[in-house]
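Peer 1: Below is one structure. I have some questions about it.
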Amino acid sequence: MTLKKSISAFLFVCGAGGAVFLASSPNLSGSESAREAESVRFFEQASSVFQHPRCLNCHPGGDRPTQGMDLHEHTMNVQRGLQNHGAAALQCSACHGVENNLSSGVPGAPKWALAPKTMAWQGLSKGDLCRKLKGDFPNGRMAGGMSPEEFIRHNGEDALVGWAWKPGKGREPAPLTQKKFGGLVAKWIRSGAACPP
């Protein structure tokens, strides 16, 4: 890929495959501008999942998870705790198992926990969410310290993330499918991880 001297861009090589990623840049030529616009479109499609209550409930900015489509605070005064698994006397696993409980209706999935505060995004605009997830992209680290490829796998394959599409009876699943969502995240990253304003 050839860049004009006027373009300010960061390049880095990621993984053994040697994939080159281009960070968002001002003063783009026509083809780079089209690539950035395409990258933004991929993110906007993926944001329908990132910003859905199934995901937002476990990505709060504070120390309490939320629940339901209206994002109300978790009942029983549940708290984040030091390791994001609940307070010492009320760990997430006290109620949440590795799968949905069909008798009680309590949701569950492997490794049930709150996302770390570095991955909190409730209340962020699409642009701010994008920039938060992008993390230190030019240096090969997304939000949460994951490499771009780890971030793609996390969203496209992780069982806890996958719960969003299998939330149990009476709960609205996240849009798309996990496979389509993971594919959009991959396309967003591989096209430069550009963000909306």
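The values are calculated or read from the model by the stated rules, or taken from the named source; none is laboratory data. Just so it is clear, the structure is predicted and the values come from calculations on it, not from any experiment. Please note: Cβ atoms are built from the backbone with ideal geometry, for glycine as well, and neighbour counts cover all protein chains shown.
Peer 1: Please find, within the stretch 93-104, the residue that is surrounded by the most Cβ atoms within 10 Å (Cβ to Cβ) out of those that are closer than 21 Å to Trp165 by Cα and of a type in the set (Gly, Ala, Ser).
Peer 2: Among them, the one singled out is Gly97.
Peer 1: A further question on this structure: Quick one: is Pro107 free of Cβ contacts under 8 Å to residues at least 40 places away in the same chain and either under 24 Å from Phe151 (Cα atoms) or surrounded by 12 or more Cβ atoms within 10 Å (Cβ to Cβ) (or both)?
Peer 2: When the stated conditions are applied, Pro107 does not pass them.
Peer 1: Let me ask something else. Can you tell me how many residues within the stretch 118-145 are in a helix (DSSP H, G or I), surrounded by 14 or more Cβ atoms within 10 Å (Cβ to Cβ) and touching a residue at least 40 places away in the same chain (Cβ under 8 Å)?
Peer 2: Residues flagged as in a helix (DSSP H, G or I), surrounded by 14 or more Cβ atoms within 10 Å (Cβ to Cβ) and touching a residue at least 40 places away in the same chain (Cβ under 8 Å) within the stretch 118-145 amount to 10.
Peer 1: Out of the stretch 9-46, which residues are within 23 Å of Asp136 (Cβ to Cβ), of a type in the set (S, T, N, Q) and modelled with pLDDT under 95?
Peer 2: Within the stretch 9-46, Ser24, Ser25, Asn27 qualify.
Peer 1: If you check Trp163 against the conditions, is it aromatic (Phe, Trp, Tyr), crowded, with 16+ Cβ neighbours inside 10 Å and part of a helix (DSSP H, G or I)?
Peer 2: yes
Peer 1: Which residues, taken from the stretch 42-72, are within 16 Å of Trp112 (Cα to Cα), among the charged types (D, E, K, R) and touching a residue at least 24 places away in the same chain (Cβ under 8 Å)?
Peer 2: Residue satisfying the conditions is Arg54 alone.
Peer 1: For the stretch 177-197, name all the residues that are touching a residue at least 60 places away in the same chain (Cβ under 8 Å) and either in contact with a Ser or Thr (Cβ under 7 Å, 6 or more places away or on another chain) or part of a helix (DSSP H, G or I) (or both). Quick ask: steps written out before the conclusion?
Peer 2: Just the residues of the stretch 177-197 that are touching a residue at least 60 places away in the same chain (Cβ under 8 Å), to begin with: 181, 184-185, 187-197.
The answer is Phe181, Leu184, Val185, Lys187, Trp188, Ile189, Arg190, Ser191, Gly192, Ala193, Ala194, Cys195.
Peer 1: Any residue that is in contact with a helix residue (DSSP H, G or I) (Cβ under 9 Å, 6 or more places away or on another chain), modelled with pLDDT of 90 or more and part of a strand (DSSP E or B) - is there at least one of those in the stretch 47-70?
Peer 2: yes
Peer 1: Would you check which residues across the stretch 146-157 are outside any helix (DSSP H, G or I) and surrounded by 16 or more Cβ atoms within 10 Å (Cβ to Cβ) and list them?
Peer 2: Hit for the stretch 146-157 is Met146, nothing else.
Peer 1: Here is a further query. Condition (residue is of a type outside the set (Phe, Trp, Tyr), over 20 Å from the mean Cα position of the chain (by Cα), assigned to a helix (DSSP H, G or I) and modelled with pLDDT of 90 or more) applied to the stretch 93-105: is it met by at least one residue?
Peer 2: Yes, the stretch 93-105 contains at least one residue that is of a type outside the set (Phe, Trp, Tyr), over 20 Å from the mean Cα position of the chain (by Cα), assigned to a helix (DSSP H, G or I) and modelled with pLDDT of 90 or more.
Peer 1: Something else now. Arg41 passes all but one of (1) surrounded by fewer than 19 Cβ atoms within 10 Å (Cβ to Cβ); (2) in a loop (DSSP other than H, G, I, E, B); which number fails?
Peer 2: Failed condition: (2).
Peer 1: Give the number of residues within the stretch 71-92 that are surrounded by fewer than 13 Cβ atoms within 10 Å (Cβ to Cβ) and outside any helix (DSSP H, G or I). First the steps, then the outcome.
Peer 2: Quick first cut of the stretch 71-92, residues surrounded by fewer than 13 Cβ atoms within 10 Å (Cβ to Cβ) only: 72, 75-77, 82-83, 88-89.
Then keep just the ones that are outside any helix (DSSP H, G or I); that gives 72, 82-83, 88-89.
So the answer is 5.
Peer 1: Name the one entry in Gly62, Gly81, Gly68, Gly86 that is out of contact with any strand residue (DSSP E or B) (no Cβ under 7 Å at 6 or more places or on another chain) and over 18 Å from Val106 (Cα atoms).
Peer 2: Unique residue meeting the criteria: Gly62.
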